[in-house]
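Here's the structure, in structure tokens; my notes come after.
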Amino acid sequence: MRSGAGLVIALVVAATAVACVAQDRSYVRARPSETSGAWRVEHRVDRITARPAPIASVVAMVTNSKNAAIRPATLELTCFESRPIVRIAYDLRVGADRSSTLAYRVDDRPGGEIEATFLPDQRTVVIDEPAAVTRFIADISAGTLLLLRAASLFAGNTVAEFRIAGAATAIAPVLEACPLPAAAGRSAAAR
């Protein structure tokens, strides 16, 4: 019995050590995190450039047509190379670039596919094309529910329902740190 308890303690210590090592130390907290609806806003500063690097994120549980388990996914808006990007991180394989699509719908408004990149880990999807980011941000900013589907020939359909009320407030610090390009804003408004 005693060795079982020792094993549990050793596993907890090891998991804590791994979590500490996995923490990105190139950023520091600028001020305490905030919430807006289900969104979490982390106010960070890049230690290398000294520029603000906030992240707005929301978590949902996803279902997959080929995997019975319900898993989490995180939708986040952040800055990458001084541009806002949308990153969706799943806890299971959702697709690959050549055989997958990403589509969404906000509230009761009809939706459709959006240009996205499925990264090589097959668990991360990125919306980084400026016009697509602008359109996505405009759509979710006034919404309350985002239905997101990653469809893949080999991974099936992965569906998440994100509670996005409060998105405009959560996203504002990110867009302040890395604004949308003016040309992208005009082309999205012209649609």
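Taking a spot 7 Å from the Cα of ALA103 along the direction of its beta carbon, which residues of region 115-131 have an amide N less than 17 Å from it? Output list for this probe position: 115-117. Here the simple spin-label model places points 7 Å from the Cα toward Cβ, and for PHE80 and ASN157 these points are separated by 2.7 nm. A Förster radius of 25 Å combined with the Cβ-Cβ distance from ALA50 to THR117 puts the calculated FRET efficiency at roughly 0.30.
Every number here is computed from the coordinates shown, using simple stated rules; none is lab data. Keep in mind the model is a prediction, meaning the values are calculated, not measured. Heads up, the Cβs are rebuilt from the backbone with ideal geometry, glycines too, and the neighbour counts pull from every protein chain shown.
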